[in-house]
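*Asks:* Structure below; questions to follow.
What follows is calculated from the coordinates using simple rules that are stated; it is not laboratory data. All of these numbers come straight from a predicted model, not from anything done at the bench. Here the Cβ is made from the backbone with ideal geometry for all residues, glycine too, and neighbour counts use every protein chain on show.
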Amino acid sequence: MKRFLILASALLLLSGCSNNWGWYVVDPTTNTGWANLRFMASGAYYTIIMSLTAIVISVVVGLLVALPGLSSKRGWRMFNRTYVEIVRAVPILVLILWVYYGLPALSGITLNVFWAGVLALALSDSAFQAEIFRAGIQSIARGQYEAAQSISLNYRDTMRYVILPQAIRRILPALGNQLVYMMKMSSLVSVIGLQELTRKANELVVSEYRPLEIYTVLVLEYLVLILIVSAGVRWLERRLKASDT
Amino acid sequence: MSIISMRNVSKFFDDFQALKDVSLDVAAGERVVVCGPSGSGKSTLIRCINRLEAHEVGEIIVDGTILTDAPADLEKVRGMVGMVFQQFNLFPHLTVMDNLCLGPRRVLGLSDAEARARAMSHLQRVQIPDQADKFPRQLSGGQQQRVAIARSLCMEPRILLFDEPTSALDPEMIAEVLDVMTELASTGITMIVVTHEMGFARRVADRMVFMDKGEIVEIGAPEDVFNAPKSKRFAAFIQQILNH
């Protein structure tokens, strides 16, 4: 991995010598280059805030959708299946456009770009979260439920104190994946004009006409963000594991 | 006056009939040992008493409460009936202390300090007070099962059900669990124990129940049934266990 990164950056630098590249647009040693870089990096604010808000909402909604999927009653399971199948079938980009342009016409509720983006991302992701939670909860041995019943715990306490704490430890890697996925998909919200990383890059390209360099920096921005998230998730996994040995 | 009364109980798993028209009365304070070959329905029998399994036919009355799916009745019965499982079923993400305190805090509404004090007294009773802050996986099988017994006791049940409590243990750990159970038996709590430990049955049981193919085949005081088994099936079963 490390070797690959060194090789890739060496290639980029080398090719920078040829006429095809114009690194000056993002050269931190010049005033304009520095200003351009800062302009691009400022998009990270919305990318991060939007992804985090959306993942929190989608985890909560996902859990609320997963629980009826585990019910012994057919009606509840049908609700879960229907929700998952329908939401999963809508492409994220389409959902973003629908929430931003369609929802106001349908319901009279107008959301600003940020909340429209959050809602679309969270909704789309919640179907996957529901499946992750369902699998995680189903992986907990039946004996755990029986032990909880044998000490008279009710359903809510059984979930809260016995089942979910164990399930969440197991699904943490999958939740980390979803957060990474969410950060990448948040780039699509640029189409409705939210000033996140991709939108900023697009705007800069329009004024500077150097797509190659600017989009390369954009790729690196996402790479850095996502490497940080991955490291954070791994740290959390280690910490949760350490807490019960 | 019996504390548990089962009347003509039948239980089906799809086409398989696990219990066939079983009737059994257990008096308060009585110690009953249930044995029988695997698949004979002995675990199902006791799991019906706290309704981990729901019976389809017949009636089960626990201390005056008829077992149905009514949440209030279930709560009442489960509050009175503790259970110890073959696989311990401790909560692996909680310390021993938290395993013991969960029920008293959330179900009985005890304060933190009260729950901890109660937990500690029961840990002392099963002789592992020094393991309170460990996690289950750090303990031996015998210690885990004793924690599980203490967890049941923390709910102060009147009836304790044991579902093959020593079957998952290494031989050298069986004695420590049986010792705790023997000590418990002397306290007047009603016990129903599914086990193959015939020595324990002879020492502790007021009555032996032998089950086969979903039916109670033989029932009586241990000395009677062991010395003069009435049925061929039970005689054969004892021979197998003793010769093993």
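*Asks:* Kindly list, by first and then second residue, each pair from a residue in the range A:92-113 that is surrounded by fewer than 16 Cβ atoms within 10 Å (Cβ to Cβ) to a residue that is not in a helix (DSSP H, G or I), limited to pairs with Cβ atoms under 7 Å and residues at least 6 apart or on different chains.
*Replies:* From residues that are surrounded by fewer than 16 Cβ atoms within 10 Å (Cβ to Cβ), the pairs are A:104/A:110.
*Asks:* Moving to a separate point now. I need the full set of residues from the range B:4-56 which are of a type in the set (Lys, Arg) and in a strand (DSSP E or B), in order please.
*Replies:* First, the residues of the range B:4-56 that are of a type in the set (Lys, Arg): B:7, B:11, B:20, B:31, B:42, B:47, B:51.
B:7, B:11, B:20, B:31, listed by residue number.
*Asks:* Give me the pairs, please: first residue somewhere in the range A:31-53 and under 30 Å from residue A:126 (Cβ atoms), second residue anywhere and basic (Lys, Arg) and crowded, with 16+ Cβ neighbours inside 10 Å, beta-carbon distance under 7 Å, and either six or more positions apart or on two chains.
*Replies:* As it stands, the answer is A:42/A:200; A:43/A:199; A:43/A:200, since those pairs meet every condition given.
*Asks:* Any residue that is away from chain B (no Cβ under 14 Å) and either aliphatic (A, V, I, L, M) or in contact (Cβ under 8 Å) with a residue 60 or more places away in the chain (or both) - is there at least one of those in the range A:138-153?
*Replies:* Scanning the range A:138-153, I find at least one residue that is away from chain B (no Cβ under 14 Å) and either aliphatic (A, V, I, L, M) or in contact (Cβ under 8 Å) with a residue 60 or more places away in the chain (or both), so the answer is yes.
*Asks:* Against the condition away from chain A (no Cβ under 12 Å) and either of a type in the set (A, V, I, L, M) or in contact with a Gly (Cβ under 9 Å, 6 or more places away or on another chain) (or both), how does residue B:159 come out, does it pass? Can you show your working first?
*Replies:* Working: away from chain A (no Cβ under 12 Å): no; either of a type in the set (A, V, I, L, M) or in contact with a Gly (Cβ under 9 Å, 6 or more places away or on another chain) (or both): yes.
Answer is no for this residue.
*Asks:* Does the range B:1-43 hold any residues that are hydroxyl-bearing (Ser, Thr, Tyr) and touching a residue at least 40 places away in the same chain (Cβ under 8 Å), and which are they? Break it down into steps so the answer makes sense when it comes.
*Replies:* In the first step, residues of the range B:1-43 are kept if they are hydroxyl-bearing (Ser, Thr, Tyr); the result is B:2, B:5, B:10, B:23, B:38, B:40, B:43.
B:5, B:10, B:23, B:40, B:43 - these are the residues of the range B:1-43 that are hydroxyl-bearing (Ser, Thr, Tyr) and touching a residue at least 40 places away in the same chain (Cβ under 8 Å).
*Asks:* Now a separate question. Of all the residues that make up the range A:60-86, how many are of a type in the set (Val, Ile, Thr) and within 23 Å of residue A:139 (Cβ to Cβ)? Let's see the steps before the verdict.
*Replies:* Of the range A:60-86, the ones of a type in the set (Val, Ile, Thr) are A:60-61, A:65, A:82, A:84, A:86.
Restricting the remaining residues to those that are within 23 Å of residue A:139 (Cβ to Cβ) gives A:60-61, A:65, A:84.
Selection size over the range A:60-86: 4.
*Asks:* Of the conditions (1) more than 26 Å from residue B:4 (Cα to Cα); (2) within 14 Å of chain A (Cβ to nearest Cβ); (3) touching a residue at least 12 places away in the same chain (Cβ under 8 Å), residue B:103 satisfies every one except a single condition; which number is it?
*Replies:* (1)
*Asks:* While we're here: Restricting to the range B:26-45, what's the tally of residues that are of a type in the set (Val, Ile, Thr) and farther than 15 Å from residue B:225 by Cβ?
*Replies:* Number of matching residues: 2.
*Asks:* While we're looking at this one, here's another question. Does residue B:24 count as surrounded by 18 or more Cβ atoms within 10 Å (Cβ to Cβ) and away from every other protein chain (no Cβ under 11 Å)?
*Replies:* yes
*Asks:* With respect to residue A:160, determine if the residue is part of a helix (DSSP H, G or I), closer than 19 Å to residue A:240 by Cα, without any contact (Cβ under 8 Å) to a residue 40 or more places away in the chain and more than 10 Å from chain B (Cβ to nearest Cβ).
*Replies:* no
*Asks:* Something else now. List the number of the failed condition for residue A:129; all other conditions in (1) over 29 Å from residue B:92 (Cα atoms); (2) surrounded by 12 or more Cβ atoms within 10 Å (Cβ to Cβ); (3) among the polar types (S, T, N, Q) hold.
*Replies:* The failed condition is (1).
*Asks:* Same structure, new question: Conditions: (1) buried (at least 18 other Cβ atoms within 10 Å of the Cβ); (2) in contact with a Leu (Cβ under 8 Å, 6 or more places away or on another chain). Residue B:61 meets all but one. Number of the miss?
*Replies:* (1)
*Asks:* Also: Inspect all residues belonging to the range B:213-223 and state whether any of them is surrounded by 18 or more Cβ atoms within 10 Å (Cβ to Cβ), touching a Pro at 6+ places or on another chain (Cβ under 8 Å), of a type in the set (Val, Ile, Thr) and more than 25 Å from residue B:119 (Cα to Cα).
*Replies:* no
*Asks:* So which residues in the range B:76-90 are touching a residue at least 12 places away in the same chain (Cβ under 8 Å) and either of a type in the set (Gly, Ala, Ser) or more than 7 Å from chain A (Cβ to nearest Cβ) (or both)?
*Replies:* Those that are touching a residue at least 12 places away in the same chain (Cβ under 8 Å) and either of a type in the set (Gly, Ala, Ser) or more than 7 Å from chain A (Cβ to nearest Cβ) (or both): B:77, B:79, B:80, B:81, B:82, B:84, B:86, B:88, B:90.
*Asks:* Moving to a separate point now. Suppose we keep only residues that are aliphatic (A, V, I, L, M) and under 13 Å from residue B:91 (Cβ atoms) within the range B:140-149. Which one would you say is farthest from the other protein chains (Cβ to nearest Cβ)?
*Replies:* Residue satisfying both the conditions and the ranking: B:147.
*Asks:* If you go through the range A:56-91, how many residues are in a helix (DSSP H, G or I), surrounded by 15 or more Cβ atoms within 10 Å (Cβ to Cβ) and touching a residue at least 24 places away in the same chain (Cβ under 8 Å)?
*Replies:* Here the count works out to 14.
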